[in-house]
Each structure stands twice: as C-alpha cells, then as structure tokens.
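Visitor: A single structure is presented below for examination.
The values are calculated or read from the model by the stated rules, or taken from the named source; none is laboratory data. All of these numbers come straight from a predicted model, not from anything done at the bench. Neighbour counts are summed over all protein chains in view; Cβ atoms, including those assigned to glycine, are modelled from backbone coordinates with ideal geometry. Only protein heavy atoms, including side chains, enter the accessible area calculation; ligands, DNA and RNA are left aside. Shrake-Rupley method; radii C 1.70, N 1.55, O 1.52, S 1.80 Å.
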Amino acid sequence: MGFLTTIERSPSGESDTIIGIIDGGIWPESESFSDEGLGPIPGRWKGECEGGLNFTCNRKIIGARYYGIQDSVRDKHGHGTHVASIIAGSQVNKANYYGLAQGIARGGVPSARLAVYKACDVDCNFNDILTAFDDAISDGVDIISVSVGHGDPLELTSDPIAIGAFHAMQKGILTVNAAGNAGPGLYSVTGDAPWIFTVAASNTDRRIVTKVLLGDGTILTGTSINAFPSSNEELPLLYGTQVTSECSETEARCLDGSLVEQKVVLCDVNSNTDLVKAAGAFGCIVPNQGNNISEVGPLSIAALDTNDINLVIASWEMNPNPSLDTEFAYGSGHIDPLKAKDPGLVYDISKEDYHKVWCSISQTINATCHANLTLQQLNYPSMAVQVDMNSAFVVSFPRTVTNVGKANSTYVATVRGGTKLDIIVDPDYLHFTALNQRKSFVVTVRGKGIKSPLTVESMPLLWTDEDDIHKARQQSEQRRSADVTAGPKALRCQTLLNGTPPPSLQVKGVPRGIPPDKSDMYVTQNKGKP
C-alpha cells in the first residue's frame, strides 16, 4: 500500500490506540505480539485480562475475553492470530516460511494495543458476537475489527455485526468488517451497513518459484510453495484408476492408501487435495483449467497450467477479458494511506443521520424514530438506487462535502467518458473560503430503459481543485440485472477522495431475504492485504 518504514509516524499516538479484535482468539507467544519497547497501558483502558486457561496478557495484548463454550482466548485455528497481526502486529525481522519469502512482517499500526474478544471457534454464535461488541465498547476500545461474516448477506436489522457496529458508532467507535470470501460475484459482499468500514481482500504480484523434474528430463517451472527439498530418487506420478482399486476412471476419488503412499497424484480439481494427503501421498499436482489456483498446505501441491509451462499455487489471476462485474468487483480500490492524510474534501455523516437511516430500514415508528432518511439521501460517497429498467428515469442524489484541505480553494466538477446517461452536477463549481466549511450539490442522473439484458455504463465524476492536488473521483454506474425478467437496474455512484477510497461497500435500496438458517456465523478469512 506504499506505507514504507521510512514514513514519518506518530509512535505516541499509535501506542495510545486500542483496537478490539472480535474473532477466534490469539496466540500470545507470537513475536508479532511482543510488548518490547511499549510504554505503560493507556490509563483510560477499563477492560480486563480474562484470558482463561494458559493465557497471559502484556502491554501489547492488554485485554482478553472469551464466550460460549470456550475455555481460553488462545487461538486454536490461526485465523484470529492472522488478522490481529495484519492490523497491529509488532515488527518482526527476518520473518519467513521455512526459509521462503524472508522479510519484515509488521501490522498496519505496529505500536497499537490489542483487546481480544474470542467469540468464534469454527463458527460464531450471534449472541456471543453481540456480547463481544458490548464488552469492547464498555472496555474503551477506539476501533473494532471483525474479520468474520455470514455466508449470505443478512438484512441489517437481523445482522449481529451491523447491530453491534451501530451501537459502537453511537459511542464514536468505528467498526471495520471483512467483505467476505465469496467475491467478486454479484451480491457477495457481507457487512454492507453504511456505518461499517467494509474492507475486501486483495493479492500481490509476488510469486515463489519452484521446479518439477519429470522422468523424461522435462523441467516445469512455475510458482508454488515447497519449503522442503525433494530427494534425488524418482517418484511415480499416478492418475485415474492408478490411485484406486475400487472406482472407475470417472470416479477415481476413493484413493487407496497402499497405491498412493509416497507417490505423486495428479488431481483434476484442487478440492481433492485433502483426500490425497490423508491417503499418504507424497504430494499432488492440480492441472490448471484457466484459473491459476491451488491450495496451500503442508502437503506439496502445485497447480499445473494446461500448456504444461506454468505451475501456480495460491493465486487467482483475473480474466483479462472485459467483465460486466469489473467495476463492482473492484469496489473503491486500494486505499492510499499517504493521500488519506490530506483528502481535501470529506463526506461527513452524523450519528443522527445513521439513526434516521436505521429507522427507515427497520420501518420503526416510535419515540426515537421521529424522522427517516433513505439510503439515497444519506450523505455517503457511494450512491445507489433501484430504478425501473424498462422506463425513463430521473434520480437525484443530494450531497454535502466539507473542506479539510486549503482554507481558500475551488473545486470544479468534470464528467468523463462516453455514456447514454445524462449526468448533471449542480452546482459544478464549489468555492471554499474557510476550513471545515460545508458546500452542497446535487447529482442528477437521467436515462432511458436499456434493452440489453447485461449492461454496465461507467462514468467518473471528478472534483479537482485549482492546484490539481486534491481530486475527488466519483464513479457512476448503471447496470441491468440478468436474473430478473422485469427487475431493477442498479445505479451506483462512487467517490474517491484524492485517490483515497471510502468504505468499500455497496448499499442496496431494497431489503434482502434472511437465509433460513441464521443460527451460526461462519468465519471468513480476509486473505491478502486488509
């Protein structure tokens, strides 16, 4: 993300930051959670170290609680430890995986303190999630990170993370939530409440290279993780009925341990690799059928491209062909932490505005819900609304920006790119004379029904100041849903402030159904960069 070690930071401010982690626990002995060099625990901390069996806190992990049938905050699966180290892991020099990829491992805020709330094991119970939120708020955390989510998006009024985050927001605490592992398909983002900062995963372009020597002398070179050198002896490569004494050629998945032990198995799909490992094979190779993907595990696994030249492990490369989902899959893009310090303009939303939105979504009428605010009216950088795809439409988005750049500054709006939609920004010129001054504008979009069943139109709206330093990029998109014969088109505008994305989420204007089984919440790891 461009956040180098040479960048000037604020150690005192960072070490006074307390981050609450609601996940599957933590492994306190990891070097990432060493408290070396940290000062006293912040005096405003009101939490406890109730870590349970065989668990001790320090000046890095300053609080710990567990829930349900757990007996300790200790992490049994590695997921909570993984996300905690990404967020606030202390710097660890010469970190490596059995000698591979050696470098410096550190979290986004290495000096921050951690308060760990183990509400999950394999699953997360709804009640435990809500209790963890209540405890984190009461303990005095500054920010809450929840890298878990339900397999299917829930209605906000039934989503424990959305509800817990709403309570946190009312106390001035931001919740950061993983977008889930199901992307980049449509409607796959979880945690899309507007008061949540939803973060999706990304990957890197680094590859770890390894080689496979075939019996005829051919050497296949590609990317794969294999930390253990192979012996000089040749190993048989088995496929199909060679690995079983019971199944047919098309059903060769019931592996015979006596046939595959200490041999290499060629698998059609990577979902069989656990079976191969359990059967005692030395390793396996998965032919690549277009997507360079494989699993990483203690077992030697490689994904072999069909052109027998590329071995790839643990990577998914985007299809270079144009995709209807590209703009939606991209979200708001990678955040730039340097430019985020000086965005120029910001979209402020008050607690009262969020409360009005909650009243609108929940359709509640009571003493506290005396006014509603639709998602379309919310002063949010992303804009979305449901419109009739067969008729002409006019949609307006009122927005207000606050000047946090130069006291005397002017921003001009420009709409770029060709489109069949008519986009008007009124006014298209904003002049500020003071810091924290607010200016309002309205984005109006006019269009007619589009006959093509799958259409995406993308139009960036760019606010630029006179020095060409601050740029607010707003992405407007129109699409027609393929799975609805007379359904909606989604119209979506998105703003990037000075190249810095707002929360990566898409607000839907129509409620979604609740899955029949919502008793458990499944852990979804936010792989790659947070």
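Visitor: Are there any pairs, at least 6 apart or on different chains, whose C-beta atoms fall under 7 Å, with the first in segment 419-437 and surrounded by 13 or more Cβ atoms within 10 Å (Cβ to Cβ) and the second among the charged types (D, E, K, R), and if so, which?
Guide: Thr419/Glu457; Leu421/Arg446; Leu421/Glu457; Leu430/Lys439; Phe432/Lys439
Visitor: Among the numbered criteria (1) modelled with pLDDT of 90 or more; (2) farther than 17 Å from Val83 by Cα, which single criterion is violated by Asp152?
Guide: Condition not satisfied by Asp152: (1).
Visitor: Here's a follow-up. The conditions are (1) modelled with pLDDT of 85 or more; (2) closer than 28 Å to Lys448 by Cα, and Asn408 fails exactly one of them. Which is it?
Guide: Among (1) modelled with pLDDT of 85 or more; (2) closer than 28 Å to Lys448 by Cα, the lone unmet condition for Asn408 is (2).
Visitor: Provide a single number: the residues in segment 170-229 that are of a type in the set (A, V, I, L, M), crowded, with 22+ Cβ neighbours inside 10 Å and at pLDDT 85 or above.
Guide: 5
Visitor: Turning to a different aspect of this structure: Could you give every pair whose Cβ atoms fall below 7 Å, whose first residue belongs to segment 342-359 and is more than 15 Å from Arg399 (Cβ to Cβ), and whose second residue is among the polar types (S, T, N, Q) and surrounded by fewer than 17 Cβ atoms within 10 Å (Cβ to Cβ), counting only separations of at least 6 or pairs across chains?
Guide: The qualifying pairs are Lys351/Gln170.
Visitor: Select from segment 5-16 the residues that are surrounded by fewer than 17 Cβ atoms within 10 Å (Cβ to Cβ) and either part of a strand (DSSP E or B) or of a type outside the set (D, E, K, R) (or both) and list them in ascending order.
Guide: Those that are surrounded by fewer than 17 Cβ atoms within 10 Å (Cβ to Cβ) and either part of a strand (DSSP E or B) or of a type outside the set (D, E, K, R) (or both): Thr5, Thr6, Ile7, Ser10, Pro11, Ser12, Gly13.
Visitor: Can I ask one more? Take segment 377-399 and flag every residue that is more than 18 Å from Asp422 (Cβ to Cβ), among the polar types (S, T, N, Q) and at pLDDT 80 or above.
Guide: Gln377, Asn379
Visitor: Looking at (1) surrounded by fewer than 18 Cβ atoms within 10 Å (Cβ to Cβ); (2) touching a strand residue (DSSP E or B) at 6+ places or on another chain (Cβ under 7 Å), can you tell me which one Val401 breaks?
Guide: Condition (1) is where Val401 drops out.
Visitor: Please state which of the following conditions Gly149 fails to meet, knowing it meets all the rest: (1) open to solvent by 20 Å² or more (accessible area, probe 1.4 Å); (2) out of contact with any Pro (no Cβ under 9 Å at 6 or more places or on another chain); (3) closer than 30 Å to Arg207 by Cα.
Guide: Gly149 satisfies all of (1) open to solvent by 20 Å² or more (accessible area, probe 1.4 Å); (2) out of contact with any Pro (no Cβ under 9 Å at 6 or more places or on another chain); (3) closer than 30 Å to Arg207 by Cα except (1).
Visitor: Can you list residue pairs whose Cβ atoms sit under 6 Å apart, with the first residue in segment 125-142 being among the β-branched types (Val, Ile, Thr) and the second being surrounded by fewer than 18 Cβ atoms within 10 Å (Cβ to Cβ)? Count only pairs 6 or more apart in sequence or on different chains.
Guide: Ile137/Lys171
Visitor: Taking Leu38 as meeting all but one of (1) more than 25 Å from the chain's Cα centre (by Cα); (2) open to solvent by 30 Å² or more (accessible area, probe 1.4 Å); (3) under 21 Å from Asp139 (Cβ atoms), write down the number of the exception.
Guide: Against the list (1) more than 25 Å from the chain's Cα centre (by Cα); (2) open to solvent by 30 Å² or more (accessible area, probe 1.4 Å); (3) under 21 Å from Asp139 (Cβ atoms), Leu38 comes up short only on (2).
Visitor: Give me the pairs: first residue in segment 365-376 and β-branched (Val, Ile, Thr), second residue part of a loop (DSSP other than H, G, I, E, B) and modelled with pLDDT of 85 or more, beta-carbon distance under 6 Å, and six or more apart or on different chains, which are they?
Guide: none
Visitor: May I ask you to list the residues in segment 51-88 that are over 30 Å from Pro337 (Cα atoms) and in a strand (DSSP E or B)?
Guide: Those that are over 30 Å from Pro337 (Cα atoms) and in a strand (DSSP E or B): Gly52, Arg65, Tyr66, Ser72, Arg74.
Visitor: Determine whether segment 451-464 contains at least one residue that is touching a His at 6+ places or on another chain (Cβ under 9 Å), at pLDDT below 95 and open to solvent by less than 60 Å² (accessible area, probe 1.4 Å). Before you say what the answer is, go through the steps one by one.
Guide: Of all residues in segment 451-464, those touching a His at 6+ places or on another chain (Cβ under 9 Å) come to 463-464.
Filter once more, so that each one left must be at pLDDT below 95: 463-464.
Filter once more, keeping what is open to solvent by less than 60 Å² (accessible area, probe 1.4 Å): 463-464.
Checking segment 451-464: at least one residue is touching a His at 6+ places or on another chain (Cβ under 9 Å), at pLDDT below 95 and open to solvent by less than 60 Å² (accessible area, probe 1.4 Å).
Visitor: Let me ask another. For segment 89-107, which positions are part of a loop (DSSP other than H, G, I, E, B) and open to solvent by less than 40 Å² (accessible area, probe 1.4 Å)?
Guide: Selection gives Gly89, Ser90, Gly107.
Visitor: Which of (1) open to solvent by less than 20 Å² (accessible area, probe 1.4 Å); (2) over 18 Å from Ile87 (Cα atoms); (3) not charged (D, E, K, R) does Thr131 not meet, given it meets every other one?
Guide: (1) is the only condition that Thr131 fails.
Visitor: Looking at Asp152, Asp135, Asp205, which is the one that is of a type in the set (D, E, K, R) and touching a strand residue (DSSP E or B) at 6+ places or on another chain (Cβ under 6 Å)? Break it down stepwise before answering.
Guide: Numbers: Asp152 fails: touching a strand residue (DSSP E or B) at 6+ places or on another chain (Cβ under 6 Å); Asp205 fails: touching a strand residue (DSSP E or B) at 6+ places or on another chain (Cβ under 6 Å).
Unique residue meeting the criteria: Asp135.
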